[in-house]
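Asker: Would you mind keeping the following structure in view while I ask a few things?
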Amino acid sequence: MMQVTFLGTGTSTGIPQIGCTCSVCTSTDPRDSRLRTSAIVEIEGKNILIDCGPDFRQQMLRFHIKRIDAVLVTHIHYDHTGGIDDLRPFGENGTVPIYLEPSVAEGIRNRLPYCFADHRYPGVPNICLQEIGLSPFLIAGIEIVPIRVMHYKLPILGYRIGRFAYITDALTIPESEYEKLKDIDVLVVNALRKKPHLSHQTLADASRIIDRVGPREAYLVHMSHHMGLTSEVEKELPAHVHFAYDGLVIDSL
Ligand SMILES: [Zn+2]
Ligand SMILES: [Zn+2]
């Protein structure tokens, strides 16, 4: 049994974007308010967080999450790692392992040196960095499969757990990685907006990946306000493709 909750589904600015008065940023549809992209996977009694962005504290409070057993990080950008210091309360009963690539670990050590000092002052986050490559690894017996995707020129990670795969901030997926996306029931993939962007997929790009992978259901994340109103743009999507929204739970996994 596995359940996924979308904690945030917005791009790096979140929606509403500060100071913006566009129809999306002023929408009263709760699906149009998007915290920075993150999700939590509950599987076999464990809570595995994917990314820990600057809205992490608010997300934990809003969704009443009392326990984090592990964190999977996709890449170093602040909208995916800016909340790591807020893991403090979760480390009170044991170290929280954070799985990430070596280059990302180096970035976190530089940004939060006090978490890794020999003599740490009381209260600092009780975390440890577990460096991973592209080989599958286990968290409490649960297999996690890293997937290489490209965020323009930056190699970053998506993750597969069972028949669920989560990809954010991709522009392209190397040909070799599609093998890892076979027989997926639920695919999460990023779609920033309709117009092209240097480092993010458009809605059309995401649709092509969904068509190729062929999941039973697909959910879009990391949207900007330029995507338009959820209620309007979702009419353009095929029946098995959905805009994720903050608080959406998938429990048919
Ligand atoms: Zn991002
Ligand atoms: Zn706006």
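The values are calculated or read from the model by the stated rules, or taken from the named source; none is laboratory data. Everything numeric in this text was worked out from a predicted model, so none of it was measured. Don't worry about glycine lacking a Cβ; one is built from the backbone with ideal geometry, like all the others, and counts go over all protein chains shown. For accessibility, only protein heavy atoms count, side chains too; no ligands or nucleic acids. Shrake-Rupley method; radii C 1.70, N 1.55, O 1.52, S 1.80 Å.
Asker: Select, from TYR121, TYR152, the only residue that is free of Cβ contacts under 8 Å to residues at least 12 places away in the same chain and farther than 25 Å from ASN47 by Cα. Break it down stepwise before answering.
Answerer: Numbers: TYR152 fails: free of Cβ contacts under 8 Å to residues at least 12 places away in the same chain.
One residue alone meets the criteria, TYR121.
Asker: While we're here: So which residues in the stretch 1-38 are in a loop (DSSP other than H, G, I, E, B), away from ligand 1 (no atom under 16 Å from the Cβ) and in contact (Cβ under 8 Å) with a residue 24 or more places away in the chain, if there are any at all? Don't jump to the end; show me each part of the working.
Answerer: Keep residues of the stretch 1-38 that are in a loop (DSSP other than H, G, I, E, B), which gives 1, 9, 11-14, 16-29, 33, 35, 37.
This time we only want the ones that are away from ligand 1 (no atom under 16 Å from the Cβ), so: 1, 16, 18-29, 33.
Once the filter is applied, which keeps residues that are in a loop (DSSP other than H, G, I, E, B), away from ligand 1 (no atom under 16 Å from the Cβ) and in contact (Cβ under 8 Å) with a residue 24 or more places away in the chain, the stretch 1-38 yields MET1, PRO16, CYS20, CYS22, SER23, VAL24, CYS25, SER27, ASP29, SER33.
Asker: How many of the residues in the stretch 88-107 are more than 16 Å from ligand 1 (Cβ to nearest atom) and open to solvent by less than 40 Å² (accessible area, probe 1.4 Å)?
Answerer: Applying the first criterion (more than 16 Å from ligand 1 (Cβ to nearest atom)) to the stretch 88-107 yields 88-99, 102-103, 105-106.
Those left that are additionally open to solvent by less than 40 Å² (accessible area, probe 1.4 Å): 90-91, 94, 96-99, 105.
Looking only at that region, the number is 8.
Asker: Moving to a separate point now. If you check TYR121, TYR114, TYR152, which single one turns out to be open to solvent by 40 Å² or more (accessible area, probe 1.4 Å), at positive phi and not small (Gly, Ala, Ser)? First the steps, then the outcome.
Answerer: Values: TYR121 fails: at positive phi; TYR114 fails: at positive phi.
When all the criteria are applied, what remains is TYR152.
Asker: When the stretch 2-43 is examined, which residues are found to be over 20 Å from the mean Cα position of the chain (by Cα) and either open to solvent by 60 Å² or more (accessible area, probe 1.4 Å) or under 18 Å from LEU220 (Cβ atoms) (or both)? Steps first, answer last, please.
Answerer: Taking the stretch 2-43 as the starting set, the residues that turn out to be over 20 Å from the mean Cα position of the chain (by Cα) are 18-29.
Matches in the stretch 2-43: ILE18, GLY19, THR21, SER23, VAL24, THR26, SER27, THR28, ASP29.
Asker: A follow-up question, please. Quick one: how many residues across the stretch 159-176 are out of contact with any Phe, Trp or Tyr (no Cβ under 6 Å at 6 or more places or on another chain) and either over 20 Å from ILE76 (Cβ atoms) or assigned to a strand (DSSP E or B) (or both)? Walk me through how you get there before you give the answer.
Answerer: First, the residues of the stretch 159-176 that are out of contact with any Phe, Trp or Tyr (no Cβ under 6 Å at 6 or more places or on another chain): 160-165, 167-170, 172-176.
Checking which are either over 20 Å from ILE76 (Cβ atoms) or assigned to a strand (DSSP E or B) (or both) leaves us with 160-165, 172, 175-176.
The number of residues fulfilling the criteria is 9.
Asker: Just checking, how many residues over the stretch 196-253 are open to solvent by less than 50 Å² (accessible area, probe 1.4 Å), without any contact (Cβ under 8 Å) to a residue 24 or more places away in the chain and not in a loop (DSSP other than H, G, I, E, B)?
Answerer: Residues that pass the stated criteria total 1.
Asker: Same structure, new question: Can ASP85 be described as over 21 Å from ILE139 (Cβ atoms), more than 13 Å from the chain's Cα centre (by Cα) and open to solvent by less than 50 Å² (accessible area, probe 1.4 Å)?
Answerer: On the way: over 21 Å from ILE139 (Cβ atoms): yes; more than 13 Å from the chain's Cα centre (by Cα): yes; open to solvent by less than 50 Å² (accessible area, probe 1.4 Å): yes.
Taking the combined requirement at face value, the residue satisfies it.
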